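The values are calculated or read from the model by the stated rules, or taken from the named source; none is laboratory data. Note that the structure is predicted; figures quoted are calculated from it, not measured. With ideal geometry, Cβ positions are generated from the backbone for all residues, glycine too; neighbour counts draw on all protein chains shown. SASA here: full protein model, heavy atoms, side chains in, ligands and nucleic acids out. Shrake-Rupley method; radii C 1.70, N 1.55, O 1.52, S 1.80 Å.
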Amino acid sequence: TFVMRIDAAAKRLQLVAIETNPVVQESLERTIWLPDGLEITQAPARLTVLPTGELPPASILLEAPVFQRLFRVTTSPSGIVHLHEEPST
């Protein structure tokens, strides 16, 4: 099981492995820092990815204000991830 922690203020995504046998242990696998000019404007605090590849339906909004572009990342329970550019306002 993996958990992706989303820290919008720090512009950081962290992938953490969760081992539950025999006790719950966490190990940081990877940290991804968003580049300058890209912001997380809407996201859950965390997404849990099960060993089967399943994950909860979620919507993450990424914004590049300098370029006036907005992107939505959506997930489905089957593990499919979509990236869609939203119309600019």
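Name every residue in the stretch 70-79 that is of a type in the set (A, V, I, L, M) and more than 13 Å from the chain's Cα centre (by Cα), in order of residue number.
Result: Leu70, single match.
Consider Val73 carefully, then state whether it is part of a strand (DSSP E or B) and on the phi < 0 side of the Ramachandran plot.
yes
Among residues belonging to the stretch 50-82 that are farther than 15 Å from Val3 by Cβ and charged (D, E, K, R), point out the one that is most open to solvent (accessible area, probe 1.4 Å).
So, considering only residues that are farther than 15 Å from Val3 by Cβ and charged (D, E, K, R), the one most open to solvent (accessible area, probe 1.4 Å) is Arg69.
Scan the stretch 46-62 residue by residue and report those that are more than 14 Å from the chain's Cα centre (by Cα) and either at pLDDT 90 or above or among the polar types (S, T, N, Q) (or both).
Thr52, the sole residue that qualifies.
Within the stretch 15-49, can you find the residues that are touching a residue at least 24 places away in the same chain (Cβ under 8 Å), within 11 Å of Met4 (Cβ to Cβ) and either open to solvent by 100 Å² or more (accessible area, probe 1.4 Å) or not in a strand (DSSP E or B) (or both)?
If the condition is that a residue be touching a residue at least 24 places away in the same chain (Cβ under 8 Å), within 11 Å of Met4 (Cβ to Cβ) and either open to solvent by 100 Å² or more (accessible area, probe 1.4 Å) or not in a strand (DSSP E or B) (or both), then Glu29, Ala43, Pro44, Ala45, Arg46 are the ones that fit.
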